[in-house]
1. Name the single residue that is surrounded by the fewest Cβ atoms within 10 Å (Cβ to Cβ) among those in region 11-33 being of a type in the set (A, V, I, L, M) and not in a loop (DSSP other than H, G, I, E, B).
2. Can you confirm whether residue 63 is in contact with an Asp or Glu (Cβ under 8 Å, 6 or more places away or on another chain) and modelled with pLDDT under 95?
3. Just to be sure I understand, how many residues within region 1-10 are surrounded by fewer than 10 Cβ atoms within 10 Å (Cβ to Cβ) and assigned to a strand (DSSP E or B)?
4. Tally up the residues in region 34-58 that are in a loop (DSSP other than H, G, I, E, B), surrounded by 13 or more Cβ atoms within 10 Å (Cβ to Cβ) and modelled with pLDDT of 90 or more, please.
Amino acid sequence: MKLLLDTHTFIWFVEDDSNLPQKLKLLIEEPQNEIFLSIASLWKMAIKIQLKKLNINKSINEIINFSIC
(Lines give C-alpha, C1' and ligand atoms only; values in the text may rest on other atoms or scores of the structure.)
Protein backbone atom coordinates (compact mmCIF):
# COMPACT_ATOMS: atom_id res chain seq x y z
CA MET A 1 0.00 0.00 0.00
CA LYS A 2 1.23 3.51 -0.77
CA LEU A 3 0.74 6.09 2.00
CA LEU A 4 1.22 9.83 1.56
CA LEU A 5 1.65 11.40 4.99
CA ASP A 6 0.61 14.95 5.68
CA THR A 7 2.82 17.14 7.86
CA HIS A 8 0.93 16.57 11.12
CA THR A 9 0.81 12.81 10.67
CA PHE A 10 4.54 12.71 9.97
CA ILE A 11 5.37 14.85 13.01
CA TRP A 12 3.15 12.73 15.24
CA PHE A 13 4.82 9.59 13.92
CA VAL A 14 8.44 10.72 14.41
CA GLU A 15 7.59 12.20 17.81
CA ASP A 16 5.65 9.09 18.85
CA ASP A 17 2.73 11.38 19.70
CA SER A 18 -0.45 9.90 21.14
CA ASN A 19 -2.51 11.98 18.66
CA LEU A 20 -1.55 9.47 15.97
CA PRO A 21 -4.08 6.62 15.99
CA GLN A 22 -2.50 3.23 16.69
CA LYS A 23 -4.00 1.77 13.51
CA LEU A 24 -2.27 4.41 11.39
CA LYS A 25 1.02 3.97 13.25
CA LEU A 26 0.92 0.26 12.48
CA LEU A 27 0.25 0.99 8.79
CA ILE A 28 3.23 3.33 8.62
CA GLU A 29 5.47 0.77 10.34
CA GLU A 30 4.38 -2.07 8.05
CA PRO A 31 7.53 -2.92 6.00
CA GLN A 32 5.71 -3.67 2.73
CA ASN A 33 3.96 -0.28 2.70
CA GLU A 34 5.56 2.57 0.78
CA ILE A 35 5.61 5.82 2.75
CA PHE A 36 5.74 9.16 0.97
CA LEU A 37 6.24 12.66 2.34
CA SER A 38 6.19 15.85 0.35
CA ILE A 39 9.40 17.87 0.37
CA ALA A 40 7.08 20.80 1.08
CA SER A 41 6.31 19.23 4.48
CA LEU A 42 10.00 19.24 5.40
CA TRP A 43 10.34 22.81 4.15
CA LYS A 44 7.27 23.88 6.14
CA MET A 45 8.59 22.22 9.30
CA ALA A 46 12.04 23.83 8.92
CA ILE A 47 10.49 27.29 8.57
CA LYS A 48 8.19 26.80 11.57
CA ILE A 49 11.07 25.51 13.71
CA GLN A 50 13.17 28.58 12.82
CA LEU A 51 10.24 30.87 13.64
CA LYS A 52 9.76 28.98 16.93
CA LYS A 53 6.19 28.10 15.92
CA LEU A 54 6.95 24.38 16.00
CA ASN A 55 8.61 22.71 18.95
CA ILE A 56 9.74 19.14 18.36
CA ASN A 57 12.10 16.86 20.25
CA LYS A 58 14.23 16.07 17.21
CA SER A 59 16.38 18.41 15.14
CA ILE A 60 15.38 19.09 11.55
CA ASN A 61 18.45 17.07 10.47
CA GLU A 62 17.22 14.06 12.45
CA ILE A 63 13.79 14.44 10.85
CA ILE A 64 15.23 14.68 7.35
CA ASN A 65 17.39 11.61 7.96
CA PHE A 66 14.37 9.78 9.39
CA SER A 67 12.25 10.65 6.38
CA ILE A 68 14.72 9.29 3.82
CA CYS A 69 15.34 5.97 5.57
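The values are calculated or read from the model by the stated rules, or taken from the named source; none is laboratory data. Predicted, not measured: the structure shown is a model, and the values here were computed from it. Neighbour counts run over all protein chains shown; Cβ positions are idealised from the backbone, glycine included.
1. My answer is 26.
2. Spelling it out, it is not the case that residue 63 is in contact with an Asp or Glu (Cβ under 8 Å, 6 or more places away or on another chain) and modelled with pLDDT under 95.
3. Result for region 1-10: 1.
4. Residues of region 34-58 in a loop (DSSP other than H, G, I, E, B): 38, 51-58.
Narrowing the set further to residues that are surrounded by 13 or more Cβ atoms within 10 Å (Cβ to Cβ) leaves 38, 54, 56, 58.
Add one more test, that the residue is modelled with pLDDT of 90 or more, and what stays is 38, 54.
Number of matching residues: 2.
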